[in-house]
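Undergrad: I'd like to ask some things about the structure below.
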Amino acid sequence: MKIIVTGGAGFIGGNFVHYMLQKYQDYKIVCLDALTYAGNMETLVDVMGNLNFTFIKGDISNRDLVFELFKNEKPDMVVNFAAESHVDRSIEDPGLFLQTNIIGTGVLMDACEKYGVKRFHQVSTDEVYGDLPLDRIDLFFTEQTPLHTSSPYSASKASADLLVQAYYRTFHLPVTISRCSNNYGPYHFPEKLIPLMIANALNDKPLPVYGNGENVRDWLYVEDHCCAIDLIIHKGSVGEVYNIGGHNERTNLQVVKTILKELGKPDSLIQYVADRPGHDRRYAIDPRKIYNELGWLPETKFDDGIKLTIKWYLDNKPWWDHIIKGDYQDYYNKIYGNR
Ligand code: NAD
Ligand code: DAU
């Protein structure tokens, strides 16, 4: 079995590469990653010497490069994690999101079709469903919830999902799609809520909470996500969408206060800042389909996962310190400087 994993130098893709190489010692994994600001070879340092692992630097929207790679590697499956993934950056520069998230997905599927790949799996997001009201805790996203996006990021991911479904119906490409809730865990780039708050708290810097901090996310420990994708690519039905997540809803303020408490830092570090434009209120996954069909449920409770995550950031300071001392400072000043 040979799998091309795109975006494997990023947060979830990197965790997935580690997970698969450990679980399937006879599988070959080829990682295709453009190494944008979010890609980090330090995430893959442990596997670079593994004979079952190959790293190729390249852009998924580069048709010649992608076709040459597929011709040489003849993969059985492709799992597409490569994306521009940050909502705030999509508000600054939507065009890049359309290029990578939509055009890139189309190029990968064209190559899958030409080289007879047996499964193309698209890693999508619950953000394609838009948001749920805060006062209706009885409502959840199911696979039938209409697509209704809020940001250029989520619109680009929803567009890619529609393209994947079109390739299934028109060309019979063997596809699956997963729509996951917010992940957290090791190797999470510190522009996102949880690692940003951990890094700032450790450096005694203000913790910028958007709006009133009452927005809700449904947090999933990244290893649970990897396990779900593993099940879908091996046992999921072609043409189907699977939601991943569930039962770990927290307000942003609850998350931030938990981090401060775990680190022994004061709540006075919290600083309320201007809200994100178009800010989605609540995400909440109904995981019954993946549970009923594939037997998956999240295993890591938020209270345990957040402790594991904080420990990882404490034990791996060079990994994130290196990031926040680089170009990240310009990004931080741009997003938070006058907020
Ligand atoms: P990330 O930003 O940490 O990593 C993205 C990776 O893709 C990086 O290594 C980057 O270098 C690479 N990349 C970007 N553009 C590329 C291109 N044109 N060609 C090749 N590689 C490119 O992202 P993440 O948080 O790990 O998310 C991975 C996927 O999972 C994304 O598709 C995202 O939409 C989806 N997702 C993320 C979450 C989450 O909470 N992080 C939840 C649900 C779904
Ligand atoms: O739901 C899945 C999605 O989760 C993925 O598709 C995205 O790739 C991923 O980035 C994530 O999107 P969010 O926008 O939910 O994640 P983020 O970490 O950016 O923000 C989480 C919440 O925290 C959100 O309500 C905004 C808020 N926030 C975020 C940052 C970075 C703050 O209050 N302050 C901040 O500084």
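Undergrad: For region 242-314, compute Rh as the Kirkwood radius over C-alpha pairs and then the Stokes-Einstein diffusion coefficient at 4 °C and 1.567 mPa s; write the answer in µm²/s, rounded to an integer.
TA: For these conditions, the coefficient is 88 µm²/s.
Undergrad: Distance in nm between label sites at residue 304 and residue 48, each 7 Å beyond Cα in the beta-carbon direction?
TA: Rounded to a tenth, the inter-label distance reads 3.4 nm.
Undergrad: Something else now. Give the long-range amide H neighbours of residue 280: residues separated by 5 or more places, or on another chain, with amide H under 5 Å away, using H modelled in the peptide plane at 1.01 Å from N.
TA: Close amide H contacts, sequence-distant or interchain: none at all.
Undergrad: Let me ask something additional. Specify, per residue and in Å³, the volume enclosed by the convex hull of the alpha carbon atoms belonging to the chain.
TA: 126
Undergrad: Related question: Choose one of 15, 29, 314: the residue whose Cα lies farthest towards the positive end of the charge dipole of the chain (beta-carbon charges +1 Lys, Arg; -1 Asp, Glu; about the Cα centre).
TA: Of 15, 29, 314, it is 29.
Undergrad: Which semi-axis lengths, in whole Å and largest first, follow from the square roots of five times the eigenvalues of the Cα gyration tensor of region 167-226?
TA: Equivalent ellipsoid semi-axes, largest first: 34, 14, 10 Å.
Undergrad: Each label point is 7 Å from the Cα along the Cα-to-Cβ direction; what then is the distance between the points at residue 144 and residue 267, in nm?
TA: 4.2
Undergrad: Also, I was wondering about something else. State the Cα centre-to-centre distance between region 1-41 and region 244-264 in whole Å.
TA: Between the Cα centre of region 1-41 and that of region 244-264, the gap is 28 Å.
Undergrad: Then there is this: What number comes out for the charge environment of residue 96, summing +1 per Lys or Arg and -1 per Asp or Glu over other residues with Cβ under 10 Å away?
TA: Residues close to residue 96 contribute a combined charge of -2.
Undergrad: While we're here: Rounded to the nearest 0.05, what FRET efficiency is calculated for residue 26 and residue 237 with R0 set to 25 Å and r the Cβ-Cβ distance?
TA: 0.50
Undergrad: While we're here: Taking 8 Å as the Cα distance limit and 6 or more residues as the minimum spacing, I'd like the relative contact order of the chain as a percentage.
TA: Relative contact order, the chain: 17 percent.
Undergrad: Residue by residue through region 148-164, what is 3J(HN,Hα) from phi via Karplus (6.51 cos²θ - 1.76 cosθ + 1.60, θ = phi - 60°)? Round to whole Hz and write x for glycine and proline.
TA: Each residue's phi maps through the Karplus curve to give 7, 8, 10, 10, x, 4, 5, 5, 5, 5, 5, 4, 4, 4, 5, 5, 4 Hz.
Undergrad: Please give the charge dipole size of the chain, origin at the Cα centre, charges +1 on K and R Cβ atoms and -1 on D and E Cβ atoms. Round to the nearest 20 debye.
TA: Taking the Cα centre of the chain as origin, the dipole is about 220 debye.
Undergrad: Related question: Which shape class applies to region 2-81: rounded if a/c is under 1.5, otherwise prolate when a/b exceeds b/c and oblate if not, where a ≥ b ≥ c are the square roots of the Cα gyration tensor eigenvalues?
TA: oblate
Undergrad: Moving on. Mean residue ellipticity at 222 nm from the helices of the chain, using -39,500 (n - 2.57) per DSSP H segment of n ≥ 4 over the full residue count, to the nearest 500 deg cm²/dmol?
TA: -12000 deg cm²/dmol
Undergrad: Taking DSSP loops as anything outside H, G, I, E and B, show the longest stretch in the chain free of GluC sites (Glu not before Pro) there with at most 13 other beta carbons within 10 Å.
TA: 1-213
Undergrad: What's the FRET efficiency of residue 135 with residue 274 using the Cβ-Cβ distance as r and R₀ = 25 Å, to the nearest 0.05?
TA: 0.60
Undergrad: A follow-up question, please. At R0 = 30 Å, how high is the FRET efficiency between residue 288 and residue 96 if r is their beta carbon distance? Nearest 0.05 is fine.
TA: Efficiency, rounded to the nearest 0.05: 0.25.
Undergrad: First obtain the Kirkwood hydrodynamic radius of region 194-339 from its Cα pairs, then insert it into the Stokes-Einstein equation at 37 °C and 0.692 mPa s, and state the resulting D in µm² per second as a whole number.
TA: Answer from the Stokes-Einstein relation: 191 µm²/s.
Undergrad: Which links in 71/317; 57/301; 261/325 stretch past 30 Å when you go from one Cα to the other?
TA: Where the Cα-Cα span goes over 30 Å, the pairs concerned are 71/317; 57/301.
A short reminder: the numbers here are calculations on the coordinates, not readings from a lab. Every value quoted in this text rests on a predicted model; they were computed, and no experiment measured them. No Cβ is skipped: glycine too gets one built from the backbone with ideal geometry, and neighbour counts run over all protein chains shown.
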